[in-house]
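The values are calculated or read from the model by the stated rules, or taken from the named source; none is laboratory data. Quick caveat: nothing in here was measured; it's all calculated off a predicted structure. Note that we place each Cβ from the backbone using ideal geometry, even for glycine, and neighbour counts take in every protein chain shown.
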């Protein structure tokens, strides 16, 4: 069994693990279904003035942080469930090469988050177009926001990788999920808000998740970074944790 | 063949395993004994590449565990019966392990049948008793049809039938030419199946070799005598350097051989109803051998435990 065959085996095993745990399935389903349900209901009952102000893609993009953070939780579960259930020992006994396990977990997370975010986009956009058309409401599907379509997927993938990395660092679901959810939603705003007051300038554009990651799906604003700069900052932030997670995973006793 | 050479593993300033060396031969069941905290599990984890030893190495037929491309076909292990996701079914637990090696679903069903869990194959692990989890763990260890089997306390939580079954499985695996290393605190069971023993205390080797050698070195021996003239015989034996212990079955003589007692009896025309050399149990030999290295010791229940005062 060569290296490629071994990797394919471990990949199939990792995907199978995710498919056979209830918590993962529920969170993945929520990350797809919640935005789709809200967006469908919005399409059915909102826009009573007869037109949609923004493009549909741009509006769907607003759900990207929700989907991304939920897929981040999936990333966390992909690693921490192994430690909490003790299966990490069997995983590493079956595949002693930790790099192979790490890459397989990373690829699994990327595949699941890509498929989930694309599904989310489809389930938001297709029904809403049909509903809005049947209601004779004017709307633009994409307009000039093609970038947002890709950004939704990129944000989801990066947040799931961030979740996986935090899981590898913390080893426990409560710690990793708390860090994943509290940092972008509360702590980052507080820290960079205080820094903005202290330096009397807008420091939020340096905030890796709120100021850059979430900005990928927003329209440009003068005071914020460009899409490419935001992508670079966010990538660097995720990469730091990915490296940390990899180092912890490869060096720690199981 | 497993060769452990000069294995040392420390956690902070505490040495869990200290320059440990031993070997496990194919076709034999080797018992791995030691008091709690003596380093048995750490040694097993180091053997499987889960913990990194500070020094030393472990070789399976000349190769380190991490060098195997398909390790489950070389070494099967059961370290902890709790190592399974409670939400997965038994079959799915084995399937994800099988997928890493391209092992077929048929083999999964086969090992489930081997451990008597076919009917529980689609039951979630969370609903299993400890005994059933042990069986599932054993199924996982046998999944790759390995040449070496490493089992950490495989009889934990099993009922008497399960314990007997585990013993038969280990014997069968060894008879097929596999190396079987098993740690257990159930010394009576181990004495019935083990060919060799590796005994460690505080991370260091105390004894390694055939079980008979260990018993010769560490087990107590004495001579039991039943005779109508026991008091007179006892007096003469005492003069010859033996010590005497009266029991319900007769009198036990220590420090003197059965032949010497027989000669004393013959010279003095004493009638003997029984003259039998006795040997202590593996449990007693183990306790004596590891007495100096016991890390956690409870108080004697009979001497110091008192009922709570009302």
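For this structure, a couple of remarks:
- The residues listed here are A:16, A:39, A:47; of these, the one that is over 30 Å from residue B:125 (Cβ atoms) and assigned to a helix (DSSP H, G or I) is A:39.
Conditions tested, residue by residue: (1) closer than 22 Å to residue A:86 by Cα; (2) surrounded by fewer than 17 Cβ atoms within 10 Å (Cβ to Cβ); (3) in contact with a helix residue (DSSP H, G or I) (Cβ under 9 Å, 6 or more places away or on another chain); (4) more than 8 Å from chain A (Cβ to nearest Cβ).
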{"site": "B:91", "(1), (2), (3), (4)": "yes, no, yes, yes"}
{"site": "B:95", "(1), (2), (3), (4)": "yes, no, yes, no"}
{"site": "B:107", "(1), (2), (3), (4)": "no, yes, yes, yes"}
{"site": "B:111", "(1), (2), (3), (4)": "yes, no, yes, yes"}
{"site": "B:116", "(1), (2), (3), (4)": "no, yes, yes, yes"}
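- Single residue of the range B:133-172 satisfying the filter (under 15 Å from the mean Cα position of the chain (by Cα) and part of a helix (DSSP H, G or I)) that is surrounded by the fewest Cβ atoms within 10 Å (Cβ to Cβ): B:168
- Number of residues in the range A:84-127 that are under 18 Å from residue A:3 (Cβ atoms) and buried (at least 17 other Cβ atoms within 10 Å of the Cβ) equals 14.
- Restricting attention to the range B:27-79, the residues that are in a loop (DSSP other than H, G, I, E, B), touching a residue at least 60 places away in the same chain (Cβ under 8 Å) and within 12 Å of chain A (Cβ to nearest Cβ) add up to 4.
- None of B:81, B:90 is modelled with pLDDT of 95 or more and under 22 Å from residue A:95 (Cβ atoms) except B:90.
- Odd one out for residue B:130 among (1) away from chain A (no Cβ under 11 Å); (2) buried (at least 22 other Cβ atoms within 10 Å of the Cβ); (3) closer than 24 Å to residue B:157 by Cα: (2)
- Restricting attention to the range B:235-249, the residues that are out of contact with any helix residue (DSSP H, G or I) (no Cβ under 7 Å at 6 or more places or on another chain) and either on the phi > 0 side of the Ramachandran plot or crowded, with 18+ Cβ neighbours inside 10 Å (or both) add up to 2.
- Of the helices (runs of 4 or more DSSP H) lying entirely inside the range B:187-303, those carrying at least 3 residues that are within 30 Å of residue B:2 (Cα to Cα) are B:187-193, B:211-218, B:282-290.
Per-residue answers, yes or no, for (1) modelled with pLDDT of 90 or more; (2) touching a strand residue (DSSP E or B) at 6+ places or on another chain (Cβ under 9 Å); (3) surrounded by fewer than 19 Cβ atoms within 10 Å (Cβ to Cβ):
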{"position": "A:138", "(1), (2), (3)": "no, yes, yes"}
{"position": "A:148", "(1), (2), (3)": "no, no, no"}
{"position": "A:152", "(1), (2), (3)": "yes, no, no"}
{"position": "A:157", "(1), (2), (3)": "yes, no, no"}
{"position": "A:172", "(1), (2), (3)": "yes, no, yes"}
{"position": "A:180", "(1), (2), (3)": "yes, no, no"}
{"position": "A:205", "(1), (2), (3)": "no, no, no"}
{"position": "A:209", "(1), (2), (3)": "yes, no, no"}
{"position": "A:222", "(1), (2), (3)": "no, no, yes"}
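The rows are residues; the columns are (1) surrounded by fewer than 16 Cβ atoms within 10 Å (Cβ to Cβ); (2) more than 10 Å from chain B (Cβ to nearest Cβ); (3) in contact with a strand residue (DSSP E or B) (Cβ under 9 Å, 6 or more places away or on another chain).
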position	(1), (2), (3)
A:3	yes, no, no
A:16	no, no, no
A:20	no, no, yes
A:26	yes, yes, no
A:31	no, yes, no
A:38	yes, yes, no
A:41	yes, yes, no
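- Taking the criterion of being in contact with a strand residue (DSSP E or B) (Cβ under 7 Å, 6 or more places away or on another chain) and surrounded by fewer than 16 Cβ atoms within 10 Å (Cβ to Cβ), the residues of the range B:31-77 that qualify are B:54, B:55, B:57, B:64.
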